[in-house]
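S.K.: Sharing a structure, written as structure tokens. Questions coming.
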Amino acid sequence: MKRYAVYYAPRAGGFATRAGEWLAGGVDLPGLPRAAVEITGEPRRYGFHGTIRAPFRPAEGADGVAINEAVAALAAKLAPVVCEGLAVENLHGFLALTPLGCEAALLELGAAVVEGTNGLRAPLTDAEIARRRPDRLSARQRVLLDHWGYPHVMEEFRFHLTLTDRLPDAEAAVVAAVLGAWVAPLLPRPFVIEDLCLFGEDAGGAFHLLHRHALTG
């Protein structure tokens, strides 16, 4: 694997199945302005997930075994995060499911995972920094990027489960209404983040679930 990441991914069940069907582009929902397969390309590549530690190249000497052991150790120390539920939200042009009623606990979980895995990542290259468009980051986000390898961590962290590519405003509003009604019956209440999932990126750029570790702290 050329990169690793720590994600939330739902356990097998109705919620995971419905989300997988949507991202696969096989869902034909009346009222969509375009076919699902045309508006889910980017999230399909990564799979249905919520980022906790963004993808990173492993540091010299840090192989998949060492990274997995570190994630397992973190999961054994950290408690599950219980949220009231999930809601479809427009996040600067792309639609995502965002959690309700657990912001402080999510920030604590995110910070612990970022801190606990930071020694496992290789330093960012100039090209990797450029891809984050540092000219568009706030001063604080640039500091976070330099220190932790990603700008949206610590107090800037916002957990979400991406559902679409970036869409024009008018299209996003229509898709949100149609998709929200379709997915609502299977949205978990409460929504619980109960695992740390280690994903790996293959040579072709696809991400795969490698290991799932229950949060038992």
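Bear in mind that the values in this text are calculations on the coordinates, not laboratory data. Please read these numbers as outputs of a predicted model, since none were measured by experiment. Every residue, glycine among them, receives a Cβ derived from its backbone with ideal geometry; neighbour counts consider all protein chains shown.
S.K.: For the range 110-212, what log10 I(q)/I(0) values come out of the Debye formula at q = 0.11 1/Å, with one point per alpha carbon and no solvent?
M.R.: -0.53
S.K.: Which percent of Cα pairs goes in each bin when the distances of the chain are cut into 5 angstrom slices starting at zero?
M.R.: 1, 7, 14, 19, 20, 18, 13, 7, 2, 0, 0
S.K.: What is the percent of Cα-Cα separations in the range 10-54 that go past 14 Å? List each step's numbers first, then the result.
M.R.: On the way: 516 of 990 pairs.
Across the range 10-54, Cα pairs with separations above 14 Å total 52 percent.
S.K.: Based on the mean of other Cβ atoms within 10 Å per residue, sort peptides 107-120, 169-182 so the most packed one is first. Provide the component values of the computation, followed by the final result.
M.R.: Values: 107-120: 18.0, 169-182: 15.6.
By packing density, highest mean first, the sequence is 107-120, 169-182.
S.K.: Okay, moving on. Given the convex hull of the Cα atoms of the range 68-123, what is a quarter of its surface area in nm²? Mind dumping the intermediate values first?
M.R.: Values: hull surface 21.6 nm².
Its Cα hull, projected and averaged over all orientations, spans 5.4 nm².
S.K.: Taking the highest mean first, how do the peptides 198-211, 86-99, 127-140 order by number of other beta carbon atoms within 10 angstrom per residue? Could the numbers behind the result be given before it?
M.R.: On the way: 198-211: 15.1, 86-99: 17.9, 127-140: 11.2.
Those peptides, ordered most packed to least, come out 86-99, 198-211, 127-140.
S.K.: For the range 106-157, I need the span (max minus min coordinate) of the C-alpha atoms along each principal axis, in Å, sorted largest to smallest.
M.R.: The Cα atoms of the range 106-157 stretch 28, 23, 13 Å along their principal axes.
S.K.: For the range 2-89, how big is Rg over Rh, using alpha carbon atoms and the Kirkwood form of Rh?
M.R.: Values: Rg = 16.5 Å, Rh = 15.7 Å.
Rounded to two decimals, Rg/Rh equals 1.05.
S.K.: So, one more: For the range 183-205 and the range 52-75, what is the separation of their Cα centres, given in Å?
M.R.: 18 Å
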